[in-house]
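Everything on this sheet refers to the single structure shown next.
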Amino acid sequence: MEQWKKRALELVLGLAVTNKKYPAVVPYTPQKTKVSEPEHPYFRRVAPETHGIPSSRIIAMLSALEADTRVHLHNLMVIKGGDVICECSAPAYDLNIAHLSHSMSKTVTGMAIGMLIDDGKLTPSDRVLPFFPEVKEPHKKLENLTIHHLLAMQSGVPFSEVGTVTETAWCEAFLTSTPTFDVGSKFAYNSMNSYMLAEIVKRVSGKGLCEFLEERLFSPLGITNYFWEMGPQGVEKGGWGLYLSVESWAKLGWMILSGGMFEGKRILSSDFVHTATLAHSQSPEKSGDFNYGYQIWVSRSGYEILFNGMLGQNVWIYPDGDLVVAMNAGNNELFQQSPALNIIRTYLKQPTVDGIMTTYRERDILLRREATFFEERHWIQPKKKKGGLGVLLHFKPQDPYIPAWDRLLGTYMFRENNQGILPVFIRAMQNNYTGGIESFRFFREGKHLFFTSREGGTDYTMEIGLYEYKETVLNFGGEPYIVRALGVAIRDEDYQPVFKMELVLPEMPNRRAIKLSFLREGELLVRMDEMPNQRIATSFIESMPVTNPKMELISKILGHKLGDNFLEEKITDLFAPILVGARYGCADYTEILEEQERQLQEELARTAILVQTLQKIWNAREGRERRKTRKLSHASV
């Protein structure tokens, strides 16, 4: 059995079940090593009527997007005929800040392979194994694996995204894994297919993806604000990890819509663009309305093209309408089953209207609608700045300190845990764990409020805006993240003080929400949440018995021993933890912490049953595989 599978179980147990402070099973290396830099606009901005679309239609589309509670858009840009007819961002996000794109990265990796095919240095039928002579014992079933199979997601290799945080030798782990089906016979989405393509780009061109694409793609398209995370073998991840602004994605979509041309320059051959946008693999109906081409999605009916990344990253290309729509989001979605995309397609696939004129009234309504996009969906409504003659004459500040926050000032200590202010989704993907929250500290300097989370002996301090988001760059183990923070002090239905903080990471699909209240004097209740949330994980758990019948038996065993909803509860605790802290120096300080420690020990005793059960199942499975191997060995002799 592949070692990475055993490590994956160890990681899940450490992260979600046993409260392990540092659950990583492979050495940590920083991957996100820079923050985004602003990028200048490129496309011309015009009224929608310029291209035959009434502003009222765009206004209705934006209202529908904001009204659907499944939709959590960050950035949106609509290109029609090469012009921007709509652009907007949710509060604390920016159109010109590079945003993590997840699997949209695959399409750019596919473009690099296309350029090497155009150069005559590769063909889709080239076998993969000769590019990796250092892998001495690849699986025999992979002898016929080709570039085409990697591009079309037909390798059948099970070493996937989960394996990347449990293994450092990615190429060897991929090529020595036992395929789950005959190469080329089925479609199975796996980001490691794209990583292997990134490796091949470097081995053929002598350059990593960014260096190769700087000359061939990024520079010709005027894309200066980009970053691509590296894998442990010094190669860009290929299938994920690329940060680009929404306008840069719109440029890439426009280039594909133009058959590989941009500003009169040939970027990709029309032959490769045509081949890449054919359906080479039939994807499951439940994945959405698109089949799979070469690292790109193609509609099942009609002609639509899609770059897609999980959590709502999309570039939708509609050639018949001369349209490109680029968006970033933080949705609870894995593939292209996207409510946002469905709304956009509904409004923008409507016919254009010839000869319509822009009215000042509609233009003004659209501009205001764009400027206030998603403000109604704010988890926190910022306090309005003060006005009046005193402010005008500078006798009074427009944004004074709010005394209600004085109730919270101080330092609060917590029991041992493995939580952090960085969303768990990010920590798990980056293999970046901070050792758990030790304390929260709230303090003021003049009219400014500051918040410090101490984790694993390191202080992470940021300013909390009371009237607008305040920006800080926090460095988590060598990975810098832009954090924009906003807070509000309110009263609940019992007129008790409640403090809410939202930490937005504008480069990421993920954001953190923190709600604080008091159980008694000196005892702080902390409720943390993140978006996207546990629905992503619970959907995966619910689907496991369908994709792997053995999991149904395991689920039944765990349900019998620990309760039917045990796994769901642990996942919820991971994504939406509740912590109780004691204000340092308060009268009940020792009593509060001792009570929390007793509860922790009770939880660990309960979860020990889960660990033992899974370990028995795992040991039995390994024993069966060893017996099967010995039996096959004797038979061959």
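Please treat every number below as a calculation from the coordinates, not as lab data. None of the values given here were measured: they were computed from a predicted structure. Here the Cβ is made from the backbone with ideal geometry for all residues, glycine too, and neighbour counts use every protein chain on show.
For segment 400-436, backbone nitrogen atoms closer than 20 Å to the point 7 Å from Asp588 Cα along Cα-to-C-beta are found at 407-416. The local environment of Gln337, defined by Cβ-Cβ distances under 14 Å, has a net charge of +1 under the rule Lys, Arg +1 and Asp, Glu -1. Checked against a 29 Å cut-off, the cross-linked pairs Lys34/Lys186; Lys237/Lys286; Lys106/Lys207; Lys515/Lys616 give Cα-Cα distances beyond that limit for Lys34/Lys186; Lys515/Lys616. Measuring nothing but how far apart in sequence close Cα pairs (under 8 Å, 6+ apart) lie, relative to its length, the chain scores a relative contact order of 15 percent.
Along its three principal directions, the equivalent ellipsoid of segment 343-502 from the Cα gyration tensor extends over semi-axes of 37, 27, 15 Å, largest first.
The alpha-carbon of Lys20 sits under 12 angstrom from the alpha-carbons of these aspartates and glutamates, leaving out residues fewer than 8 places away in its chain: Glu10, Glu416. Quotient of the Cα radius of gyration of segment 307-432 and 2.2 N^0.38 Å, N being its number of residues: 1.66.
Computed from point charges on the beta carbon alone (+1 for Lys and Arg, -1 for Asp and Glu), the dipole magnitude for the chain about its Cα centre is near 980 Debye.
Computed over segment 137-201, the P(r) tail beyond 20 angstrom holds 14 percent of alpha carbon pairs.
Using the Cβ-Cβ distance between His40 and Phe181 with R0 set to 60 Å, the FRET efficiency works out to roughly 0.80. Of all aspartates and glutamates in the structure, the ones whose alpha carbon falls short of 20 Å from that of Lys141, not counting any fewer than 8 places away in one chain, are Glu2, Asp126, Glu172, Asp182, Glu625.
For segment 309-455, the number of Lys pairs with C-alpha atoms closer than 24 Å, counting only pairs eight or more positions apart or on separate chains, is 9. With R₀ set to 22 Å, the beta-carbon distance separating Arg407 from Tyr467 gives a calculated FRET efficiency near 0.70.
Dividing the Cα radius of gyration of segment 47-115 by its Kirkwood radius returns 1.05 for Rg/Rh. Tell me, Kirkwood radius of the chain from alpha-carbon pair distances, in Å? It is 26.6 Å. Would you mind pulling out the separation of the Cα centroids of segment 24-48 and segment 70-84, in Å? If we compute the Cα centre of each part, the gap is 17 Å.
Pull out a ≥ b ≥ c, the square roots of the eigenvalues of the alpha-carbon gyration tensor of segment 103-222, then state rounded if a/c is under 1.5, prolate if not and a/b is larger than b/c, and oblate in the remaining case. Prolate, since a/c reaches 1.5 and a/b exceeds b/c. Summing +1 for each Lys or Arg and -1 for each Asp or Glu among the other residues whose beta-carbon sits under 11 angstrom from that of Phe414 gives -2.
When both bridge partners sit in the chain, DSSP labels roughly 95% of those beta bridges antiparallel.
Temperature 4 °C, viscosity 1.567 mPa s: under these conditions the Stokes-Einstein estimate for segment 273-364, based on its Kirkwood radius over C-alpha pairs, is 90 µm² per second.
Placing R0 at 45 angstrom, the Cβ-Cβ distance between Ile578 and Gln282 gives a FRET efficiency of 0.50 after rounding to 0.05. Helix-only arithmetic for the chain: the sum of -39500 (n - 2.57) across DSSP H runs with n ≥ 4, divided by the residue total, places the mean residue ellipticity at 222 nm at -10000 deg cm²/dmol.
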